[in-house]
Amino acid sequence: MLALREVTRVVRDGDRPRTLFSRLSLDVPRGACVLLLGAGGVGKSTLLGVAAALTAPDEGALLWEGEPISAARERRRAEYRRDTAALAMQSPLVLDGLTVAENLALLRRPMNPAVLSRLGVSALLDRPAERL
């Protein structure tokens, strides 16, 4: 299970701090699908970055299966990102004219085939990316 415990994230808005979320707690059971909605600039991507261990929370903790990932050394956080966390952003990061597999091959760190299988997207690898 993915868990966020009392997570706070503050960013700079010009010369003022702006709290995106404060003392947020969330449990996401293994295999669950979660929809995150909100207006632009409210912290959705930042929250996903915290959940994927790309960004450290200012306060609180990220836990995976009870293990405190946000407090772990960088090597362990990198293993978590490699083996467990995956983000697919909606920005136009997909190159038209290439298949899904060809787009994935361009990543600095290619996706693990086991992760693609777990996500149920292996059947899409040969499709044109612009048709997703």
Could you say which residue among Ala61, Ala71, Ala52 is at pLDDT 85 or above, open to solvent by 60 Å² or more (accessible area, probe 1.4 Å), small (Gly, Ala, Ser) and under 23 Å from Val11 (Cα atoms)? Ala71
Helices (runs of 4 or more DSSP H) completely within segment 14-132 that count 1 or more residues being closer than 16 Å to Met1 by Cα and out of contact with any Cys (no Cβ under 6 Å at 6 or more places or on another chain): 44-51, 74-83, 113-119
Residue tally, condition open to solvent by 70 Å² or more (accessible area, probe 1.4 Å) and at positive phi, over segment 15-46: 2
Just give me the residues in segment 115-124 being open to solvent by less than 70 Å² (accessible area, probe 1.4 Å), out of contact with any Asp or Glu (no Cβ under 9 Å at 6 or more places or on another chain) and either in contact (Cβ under 8 Å) with a residue 12 or more places away in the chain or of a type outside the set (S, T, N, Q) (or both), in sequence order. Leu116, Gly120, Val121, Leu124
Mind listing whichever residues of segment 22-36 are over 13 Å from Leu63 (Cα atoms) and at pLDDT below 95? Gly31, Ala32, Cys33, Val34, Leu35, Leu36
Among the residues of segment 101-113, are any under 24 Å from Thr55 (Cβ atoms), within 14 Å of the chain's Cα centre (by Cα), modelled with pLDDT of 85 or more and surrounded by 13 or more Cβ atoms within 10 Å (Cβ to Cβ)? no
Residues (at pLDDT below 90 and in contact with a strand residue (DSSP E or B) (Cβ under 7 Å, 6 or more places away or on another chain)) located in segment 1-21: Val11
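The values are calculated or read from the model by the stated rules, or taken from the named source; none is laboratory data. What you see is a predicted model, and the numbers here were worked out from it, not measured in a lab. Because the Cβ atoms are built from the backbone with ideal geometry, glycine has one as well, and the counts that use them run over all protein chains shown. For the accessible areas, the whole protein counts, side chains as well, though only heavy atoms, and no ligand, DNA or RNA atoms are used. Shrake-Rupley method; radii C 1.70, N 1.55, O 1.52, S 1.80 Å.
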